[in-house]
1. Surrounded by 14 or more Cβ atoms within 10 Å (Cβ to Cβ), charged (D, E, K, R), touching a Ser or Thr at 6+ places or on another chain (Cβ under 7 Å) and assigned to a loop (DSSP other than H, G, I, E, B) - does that describe any residue in the range 159-179?
2. With the condition kept exactly as written, say whether any residue in the range 246-258 is touching a Phe, Trp or Tyr at 6+ places or on another chain (Cβ under 8 Å), closer than 16 Å to LEU206 by Cβ, open to solvent by 30 Å² or more (accessible area, probe 1.4 Å) and touching a residue at least 40 places away in the same chain (Cβ under 8 Å).
3. Where residues in the range 123-156 are part of a loop (DSSP other than H, G, I, E, B) and of a type in the set (A, V, I, L, M, F, W, C), which of them is modelled with the lowest pLDDT?
4. Pull up the range 188-210, narrow it to residues that are polar (S, T, N, Q), in a helix (DSSP H, G or I) and open to solvent by less than 70 Å² (accessible area, probe 1.4 Å), then point me to the one that is nearest to ILE296 (Cα to Cα).
5. For the subset of the range 104-122 comprising residues that are in contact with a Phe, Trp or Tyr (Cβ under 9 Å, 6 or more places away or on another chain) and either over 26 Å from ARG310 (Cβ atoms) or of a type in the set (A, V, I, L, M, F, W, C) (or both), which member is modelled with the highest pLDDT?
6. Go through the range 37-70 and give me each residue that's closer than 19 Å to GLN23 by Cα and touching a helix residue (DSSP H, G or I) at 6+ places or on another chain (Cβ under 9 Å).
7. Please find, within the range 268-301, the residue that is surrounded by the most Cβ atoms within 10 Å (Cβ to Cβ) out of those that are of a type in the set (Asp, Glu) and free of Cβ contacts under 8 Å to residues at least 40 places away in the same chain.
8. With the structure loaded, tell me whether THR80 is touching an Asp or Glu at 6+ places or on another chain (Cβ under 9 Å) and either modelled with pLDDT under 90 or not in a helix (DSSP H, G or I) (or both) or whether it fails that test.
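The values are calculated or read from the model by the stated rules, or taken from the named source; none is laboratory data. It should be emphasised that the depicted structure is a prediction, and the values quoted were computed from it without experimental measurement. Positions of Cβ are generated from backbone atoms using ideal geometry, with glycine treated the same way; all protein chains shown enter the neighbour counts. Accessible surface areas use protein heavy atoms only, side chains included; no ligands, DNA or RNA. Shrake-Rupley method; radii C 1.70, N 1.55, O 1.52, S 1.80 Å.
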Amino acid sequence: MAGERGRQDVQDVQDVQDVRGQQGLAERFEEHRGQLQAVAYRMLGSLTEAEDAVQEAWLRLDRSGEEGIDNLGAWLTTVTGRICLDLLRSRTARREEPMTEGFDSFVPDPVLRALPQADPEQEALHTDSVGIALLVVLETLEPAERLAFVLHDMFAVPFDDIAPVVERSPAATRQLASRARRRVREATPAAEPDLGRQRQVVDAFLAASRAGDFDALVSVLHPDVVLRADAGALARGMAASKVVRGARTVATGAFHFRHLAGLARVVLVNGAVGTVAVSEGEPRSVTYVTVADGLITGLYILSDPERLARLDLSALEA
């Protein structure tokens, strides 16, 4: 009997140690969650998928434990990158199906924050969101290119660590990142960094929309402005989801949807001045705006009801 009690005591101690070890591992993982979420969001452009990828990284760590891991942060970053790479490859395969016609109108999930009440320059320096326009460009990259660019250029992961994930040599991985960097540089539109000047242009656009002043709308748009509207998977390829170009064409669309301008509230969308249209407490659309030289060069509109319903609007209550 005493022997059995002794064995049980030993087992109880072991169980307590296991629980404490598990708690400690979870706490160490949480220290890296913010960066992992940032990596996954830049890789996927989807907040929900990014959360799923981070959760999968935790499950893999939980199964394997820390034994043999010299740098937990680096290990988690590359594991998260690998998970995202698999998701991107799966997504790319789905886009080859006929039902994905019109995917070029895709607008990534936005991150919304209240417009700063003071010191907008400091707010711009501290924004933790990558621009929607850049995320749209990243969508055009091959999955391996996107991984190499995001991990190396945005998170300073060495090519030697990225190479096994993309199953290439470090030199070939460097070429992937270089090719992606060139495409990003060529395709990402120039943007006004000052939030105050962005706000002036967005306010002018909203005022013209609310007044139904077509000429004023045209005057605030760059002649080669691009509008990208994403109303959801079921609407892609139809009139609601589209990419249109040119000041007069975009102004015509804004004129027809001027009722939304009356619902619009100016907010920060991925660190830039944009708008969210809210009706009866529910978001109806989110617009990310790129401004250069005092004119709007790009409008990225998300009106997909399913994705809008998942947005976190709590930061707008500040």
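1. Checked against the condition, which is being surrounded by 14 or more Cβ atoms within 10 Å (Cβ to Cβ), charged (D, E, K, R), touching a Ser or Thr at 6+ places or on another chain (Cβ under 7 Å) and assigned to a loop (DSSP other than H, G, I, E, B), the range 159-179 yields no hits at all.
2. Yes - at least one qualifying residue is present in the range 246-258.
3. VAL130
4. Top of the filtered list is GLN198.
5. By that ranking, first place goes to VAL107.
6. VAL54, GLU56, ALA57, TRP58, ARG60, LEU61, ASP62, GLY65, GLU66, ILE69
7. Looking at residues that are of a type in the set (Asp, Glu) and free of Cβ contacts under 8 Å to residues at least 40 places away in the same chain, I get GLU282.
8. no
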